[in-house]
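The values are calculated or read from the model by the stated rules, or taken from the named source; none is laboratory data. Note that the coordinates shown come from a computational prediction; the quantities given were computed from them, not determined experimentally. Cβ atoms come from the backbone with ideal geometry, glycine included; neighbour counts cover every protein chain shown. The accessibility values were calculated without ligands, DNA or RNA, using every heavy atom of the protein model including side chains. Shrake-Rupley method; radii C 1.70, N 1.55, O 1.52, S 1.80 Å.
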Amino acid sequence: MGIFAAVGVLLPFPYYYWLWTNPQAWVNLCGKDKDPSKVMAYVSHFLKLLQFISLFSVSTLAWPPPLYFWPLFGFGQFLNFRVYQLLGEAGTYYGVRFGKNVPWVTEFPFGVIRDPQYVGSVMSLFACLSWVPFHYILLWTLGYVFIIHMESKEDPATRAKPIS
């Protein structure tokens, strides 16, 4: 396993862990004039780009993809887009942890699929198995499993207080 590719795949997870466990520090760091969810989104997109570059560095691309690619990738991305559509930026990027009021959502896929954004991401990753060595997909998936476990233990008392 290429160490740089493995580190690149795992790069966002310590960041998410730190934000989840230190939301007040993040809100303070962002300051009064910056939305902590928006800043998190910017940093997350940059880290996602580094993840993709890491995967691309160890990939062997061939066209056309196998038939299993289309339903896995298509439904996985549908779940990701649907979650973002329903939760918005604040709901997707830890707004509740940063002291925002994010309404509870029960529309599909919520209430049907537990952790639909992560399920969609894992489906999209496994769709790429014909191009990316399995151990990188597994490593990324284990990162999501870690985050799912971490986020399942949210203590409302540890949420950040907005800066006034």
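Only residues in the range 96-107 that are at positive phi count as the first member; pair them with residues that are among the aliphatic types (A, V, I, L, M) and part of a loop (DSSP other than H, G, I, E, B), Cβ under 7 angstrom, at least 6 apart or cross-chain, and list the lot. From residues that are at positive phi, the pairs are G99/A160. The set of residues from the range 137-160 being part of a loop (DSSP other than H, G, I, E, B), open to solvent by less than 70 Å² (accessible area, probe 1.4 Å) and in contact (Cβ under 8 Å) with a residue 12 or more places away in the chain comprises E154, A160. Among the residues of the range 85-114, those that are β-branched (V, I, T) and closer than 24 Å to F13 by Cα comprise T92, V96, V102, I113.
Quick check: anything in the range 66-74 open to solvent by less than 60 Å² (accessible area, probe 1.4 Å), under 21 Å from L138 (Cβ atoms), among the aromatic types (F, W, Y) and touching a residue at least 60 places away in the same chain (Cβ under 8 Å)? Checked against the condition, which is being open to solvent by less than 60 Å² (accessible area, probe 1.4 Å), under 21 Å from L138 (Cβ atoms), among the aromatic types (F, W, Y) and touching a residue at least 60 places away in the same chain (Cβ under 8 Å), the range 66-74 yields at least one hit. Here V102 fits the description: in contact with a helix residue (DSSP H, G or I) (Cβ under 9 Å, 6 or more places away or on another chain), outside any helix (DSSP H, G or I) and either open to solvent by 30 Å² or more (accessible area, probe 1.4 Å) or closer than 15 Å to L55 by Cβ (or both).
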